[in-house]
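Read through the structure below, which is laid out as structure tokens, and then see the notes.
The values are calculated or read from the model by the stated rules, or taken from the named source; none is laboratory data. The structure presented is a predicted model; accordingly, all values stated were derived computationally and were not measured. Don't worry about glycine lacking a Cβ; one is built from the backbone with ideal geometry, like all the others, and counts go over all protein chains shown. Heads up: the accessible areas ignore ligands, DNA and RNA and are worked out on the full protein's heavy atoms, side chains in. Shrake-Rupley method; radii C 1.70, N 1.55, O 1.52, S 1.80 Å.
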There are 2 protein chains.
Amino acid sequence: VGSRSGRQATRTYAASGVDVGARASALSALLRAAEYAAPASHGRPVPGASGHFAGLVRIAGTTIAITTDTVGTKVLLAERLRRWEEVGEDLVASNVNDLAAVGARTVGLVDTIVCARADASRFRALGRGIRRGLAAARCSLLGGETALVGDLVHGIDLGGTAIGYFPGGRRPVLGSGIRAGDLILGIPSSGFHANGYTLIRRVLEEHRVDLRRPRPGGRVPVGVELLRPTRTYTEAADGLAGVPGVRGLAHLSGGGVRNLARLRPDRRFVLDRWPEPPGLFGWLQRTGGLDDREVFQTFNMGIGFAAVVAPSAIGAARRVLRARGAGDALEIGRVERGAGVDVPRWGLRFEGYA
Amino acid sequence: VGSRSGRQATRTYAASGVDVGARASALSALLRAAEYAAPASHGRPVPGASGHFAGLVRIAGTTIAITTDTVGTKVLLAERLRRWEEVGEDLVASNVNDLAAVGARTVGLVDTIVCARADASRFRALGRGIRRGLAAARCSLLGGETALVGDLVHGIDLGGTAIGYFPGGRRPVLGSGIRAGDLILGIPSSGFHANGYTLIRRVLEEHRVDLRRPRPGGRVPVGVELLRPTRTYTEAADGLAGVPGVRGLAHLSGGGVRNLARLRPDRRFVLDRWPEPPGLFGWLQRTGGLDDREVFQTFNMGIGFAAVVAPSAIGAARRVLRARGAGDALEIGRVERGAGVDVPRWGLRFEGYA
């Protein structure tokens with residue numbers, strides 16, 4: 001890592017202020033200390049789902065999936081551009097896409113808005129975005145919390161928690177059946193979604209990027225391109241989860257391609273047909289001087305959702321994808337014996353998820 | 001409102017920076033814009049529960065309750081005292097108590113930690129507190145999110161979302177059966193719980209309160225007293241919800257006694273037997289020069305949870321309370337025709353919830 005104007009260049013996510021390793025060890029300290037086994041009369045957590053994209057719990061004969069996520073510092077870009085609809089949609093999408101990754105059908109979510117001031121026009125725009133997200137995921141807003149805590153936040157923090165279920169006796173898709181020879185399909189993302197914005201914003205600042213102008217090769221102002229809301233994969237995933245032979249699903253959000261290793265740590269996910277990332281990704285990488293390893297483990301790099309499918313089920317999976325608005329899905333790799341995630345074209349090898 | 005040292009004295013919650021009215025109108029703008037009716041295949045929100053303490057949704061024959069809340073700026077007091085276990089417990093309790101108020105049995109929760117840095121010793125203490133909260137509510141930690149967003153928060157924001165269910169065909173307790181003549185039982189709180197800390201901290205600052213010393217009449221340092229974790233009412237409420245004649249339950253958190261009006265806007269809740277608030281409340285009120293109206297609509301004033309009970313069911317309700325660790329519950333008032341919430345001893349009358 002070089003240095004620039006006397007400060008550390010933000011060539012990595014950690015240098016931009018997000019220390020993923022420190023987070024992992026703090027989190028494991030918390031989880032060990034918090035361990036408690038509740039009586040079965042209060043529901044039974046499904047083992048095996050720990051570390052996956054959503055928690056699962058059996059309640060009165062029904063399995064419920066639950067997951068929580070925040071929009072992160074993408075809101076600071078929204079603030080700068082005074083556009084709130086996109087991050088409202090992100091609030092929904094980032095949560096429901098995690099539910100989709102365990103094969104659950106979305107039911108709804110609660111939102112949490114933590115801010116210094118509540119102002120009606122901003123909240124109305126957030127509401128419009130939330131509505132778009134709900135409509136894309138066909139689910140309900142089930143409640144929310146608005147905390148006015150100016151002493152605690154600079155801007156506005158947007159989070160949510162989503163719940164889903166498994167209709168008609170469908171079983172959660174957790175990846176345990178994945179075997180060597182399975183194929184990996186990928187659904188293109190709509191941009192950076194809502195992950196890695198601390199790094200993105202550092203690049204924008206250090207290189208004084210003018211957000212009002214298009215990047216070379218871009219057609220709209222780069223600020224608009226960067227704010228584009230997260231694609232919602234729930235309808236496609238809901239369909240895939242009903243196809244026998246679809247063995248694993250992954251939301252490629254924070255952690256990028258490493259998310260595949262969450263499905264099975266004892267299989268090797270070889271992404272040998274990963275497509276050229278859209279121009280926006282290459283532009284950010286070049287502008288920031290970010291290395292390939294960093295971008296593939298921080299951003300979605302053009303593919304936001306993946307499905308691991310038995311070769312015999314590829315036809316059925318593709319039909320479902322076409323019928324559910326994801327006809328642009330493509331084969332991006334295959335499963336081998338071993339462990340970790342490879343992206344051979346870029347010479348990358350990741351040992352595991354984190 | 002007077003002024004002191006050139007700035008507005010913080011005699012009200014609004015003057016301390018929390019404008020509850022602005023929040024209400026911003027929130028209603030958001031909710032109107034977000035309105036969307038999901039197809040029934042994605043679960044059916046239960047009408048009637050809107051505006052209540054938790055959302056309700058029917059999923060595959062099971063009704064699930066969901067609610068979300070944050071610890072708010074009490075964490076800034078935790079930071080100052082370098083004690084994290086208490087607010088970890090608050091994270092759980094503030095959420096599960098809202099579930100308890102619709103008569104749901106707690107299943108579990110996800111936590112959301114939004115912070116600048118993750119450090120293991122702080123996270124371990126938070127984990128210990130979360131464990132206490134889980135054990136008190138007999139529920140599971142079902143997942144969580146840790147967002148490192150130093151550009152967005154000063155300290156650490158702690159939130160959660162809890163889910164619960166209605167065992168054995170029990171119906172949600174939403175207050176619709178409440179009628180004139182019903183009695184109101186109250187369960188004493190353990191202090192300020194986790195609401196109104198923006199106002200509490202302003203009082204502490206303006207009057208340079210030494211947190212290491214007891215207040216007059218106190219036995220432990222006032223900082224310790226102010227940090228005491230929220231009492232968990234779930235076991236008591238779970239028992240009450242199974243008693244025929246228990247017609248309404250309320251968690252008296254943010255909004256204080258006004259929360260009773262959420263049960264039925266067309267009944268009058270007369271709290272004519274409200275007990276003298278514990279010394280800590282009176283001390284804060286005197287120190288800050290806060291008026292009665294403000295403290296009763298901001299803090300729990302000594303009673304953290306209330307149950308509205310038919311006179312014929314009082315004996316059964318008291319037996320359940322004694323058996324479930326709430327033998328200290330007492331009769332605090334009754335229901336009359338009319339609307340709003342009265343606390344006659346302090347000459348207070350509130351028209352509704354907000």
Would you mind checking which residues have amide H under 5 Å from residue A:140's amide H? H placed 1.01 Å from N; only 5 or more apart, or other chain. A:108, A:109
List the distances, in nm to one decimal, from the label point of residue B:224 to the label points of the same position in every other copy, shortest first, placing each label point 7 Å from Cα along the Cα-to-Cβ direction. 6.1
Can you run phi through the Karplus equation (6.51, -1.76, 1.60; θ = phi - 60°) for the range B:106-117 and list ³J(HN,Hα) in whole Hz, with x for Gly and Pro? 5, 10, x, 8, 10, 10, 10, 10, 10, 8, 7, 9
For chain A, what is the convex hull volume of the alpha-carbon atoms per residue, in Å³? 150
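Quote the charge dipole size of chain B about the Cα centre in Debye, to the nearest 20; the model charges only the Cβ of Lys and Arg (+1) and of Asp and Glu (-1).
Numbers: 48 positive and 32 negative charges, 122 e Å.
Here chain B has a charge dipole of around 580 debye.
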Highest-fluctuation residue, B:53, B:305, B:281 considered, GNM on chain B with Cα pairs under 10 Å: B:281
Placing the label point 7 Å from Cα along the Cα-to-Cβ direction, what are the distances from residue A:31 to the equivalent spots in the other copies, shortest first, in nm to one decimal? 3.6
Estimated vicinal HN-Hα couplings, Hz - the range A:260-276 in sequence order (Karplus 6.51, -1.76, 1.60; Gly, Pro = x): 4, 5, 5, 6, 8, x, 10, 9, 10, 9, 9, 8, 8, 10, 4, x, 4
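Note down the net charge around residue B:141, summing +1 for each Lys or Arg and -1 for each Asp or Glu among other residues with Cβ under 14 Å from its Cβ. Don't skip to the end; give the middle numbers.
Working: positive: A:32, A:44, B:128, B:131, B:132, B:138; negative: A:35, B:89, B:111, B:145.
With Lys, Arg at +1 and Asp, Glu at -1, the neighbours total +2.
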For the range B:225-264, size of Cβ-based charge dipole, Lys and Arg +1, Asp and Glu -1, in debye: 260
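Can you say what percent of the DSSP beta bridges in the range B:107-198, counting only those with both residues inside, are antiparallel? Round to 5.
Bridges in the range B:107-198 that DSSP calls antiparallel: roughly 50 percent.
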Towards the positive end of the charge dipole of the range B:22-115, with charges on Cβ (+1 Lys, Arg; -1 Asp, Glu), say which of B:113, B:34, B:68 has the farthest Cα. B:34
Could you quote the convex hull projected area for the range B:9-66, Cα atoms only and averaged over all directions, in nm²? 5.3
With the label 7 angstrom out along Cα to Cβ, how close does residue B:167 come to the same site in each of the other copies, in nm, nearest first? 3.1
List every residue whose amide H lies under 5 Å from the amide H of residue A:349, counting only residues 5 or more places away in sequence or on a different chain, with H placed 1.01 Å from N in the peptide plane. A:343
Charge dipole of the protein assembly as shown built from unit charges on the beta carbon (Lys, Arg +1; Asp, Glu -1), centred at mean Cα; most positive-end Cα among A:166, B:211, A:156 is A:166
Please identify, among A:49, A:329, A:60, the residue showing maximal mean-square fluctuation in a Gaussian network model of chain A using a 10 angstrom Cα cutoff. A:60
Between residue B:83 and residue B:58, how many nm apart are label points set 7 Å from Cα along the C-beta direction? 4.7
The simple spin-label model distance between residue B:180 and residue B:117, using points 7 Å out along Cα→Cβ, in nm, is 6.3
Rounded to whole Hz and in sequence order, give me ³J(HN,Hα) for the range B:328-343 from the Karplus expression 6.51 cos²θ - 1.76 cosθ + 1.60, θ = phi - 60°, writing x for Gly and Pro. 7, 5, 9, 6, 10, x, 8, 9, 10, 5, x, 8, x, 10, 10, 10
Take the eigenvalues of the Cα gyration tensor for the protein assembly as shown, scale each by 5, and report the square roots as semi-axes in whole Å, largest first. 44, 29, 22
Total charge of the residues flanking residue A:98 in space, meaning their Cβ is under 14 Å from its Cβ, with Lys and Arg +1 and Asp and Glu -1, is -1
Of B:263, B:284, B:296, which is farthest along the charge dipole of the range B:255-344 in the positive direction, counting Lys and Arg as +1 and Asp and Glu as -1 at C-beta? B:263
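I'd like the antiparallel share, as a percent to the nearest 5, of DSSP beta bridges with both residues in the range B:48-178. Don't jump to the answer; show the numbers that get you there.
Working: 22 of 30 bridges.
Antiparallel bridges make up about 75 percent of those DSSP assigns within the range B:48-178.
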Keeping the other protein chains in place, figure out the carbon and sulfur percent of the accessible area of the protein assembly as shown, with a 1.4 Å probe. 46
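In debye, nearest 20: dipole of the protein assembly as shown around its Cα centre with unit charges on the Cβ of K, R (+) and D, E (-)?
Numbers: 96 positive and 64 negative charges, 99 e Å.
The calculation lands at about 480 debye.
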For residue A:147, the residues 5 or more places away or on another chain with a placed amide H closer than 5 Å to its own amide H are A:113, A:114, A:115
In Å, descending, principal axis extents of the Cα set of the range B:88-158: 40, 22, 17
Restricting everything to alpha-carbon atoms, can you work out Rg to Rh for the range B:224-268 with a Kirkwood hydrodynamic radius? 1.06
How high is the relative contact order of the range B:57-213? Use alpha-carbon pairs under 8 Å, at least six apart in sequence, and give a whole percent. 34
